[in-house]
Amino acid sequence: MRIHKLAVVAAVVVSLAWVSGASAQESPSQPQTQTAQTTQSASWFDELDNAAIVSGFLGSSFGGDFDDETVDFGGSFSWLWRSIVGGEFIAGFSPNFSVLGDSAVDADDTMVNSYMFNAIGAIPLGPDRRWQPFVSGGIGALTLDTGDDTEAALNIGNVSETELGGNIGFGLMVFGNQWGFRGDVRYFSQLGDPDEETVFLDDLDFWRANAGVAFRW
């Protein structure tokens, strides 16, 4: 039934287009009206401007190798051509990652950070294109630094690891004029074969859910 309706609508649209084209050919004295119609049909795209967006966020890292939810924070910078497609950089920090899992020894002061370069795509919707659902993903670096509690519990010195990582996520941006809101849910994972000395970041994966203030210009 839906296909039939779409077919009827398509037929009507084609018919109207044919009639409009025929009228334009028969009435060459009305080029301004045709130009106005063409301009109006392209106005949605023409109204979209390039946008630079910076945001700060607070949220939670969870799932995967995070046994318990832990607070994370960070920021992002995005640039969107016509507010639709572009690139972004996201830096996130989780200061209380437990490297011991279910061990009886509590050591959860290890910091896991992420630095990601992403491609981003958005769809401007609503009045003044204020609503922008988006998806983004890319690659970058995952880093880990052990804290004093972890080093004492495991009887090790300071451990600092860096590995290639990837991320993918989706979210929503909502703006008034320049100030607004950004929230997203994102999955992170260590990629490729880690170095032989890598212990904690080997096959690391986790989720992050964040929300915060955004500013665009």
## Note on the structure
Any residue on another chain or 5+ positions along whose placed amide H is under 5 Å from the amide H of Leu191 is listed here as Leu164, Gly165, Gly166
### Message
Tell me the Rg and the Dmax, in Å, that the Cα atoms of the range 67-183 produce.
### Response
18.1, 59
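Where a number appears in this text, it was derived from the coordinates with a stated rule and is not lab data. Just so it is clear, the structure is predicted and the values come from calculations on it, not from any experiment.
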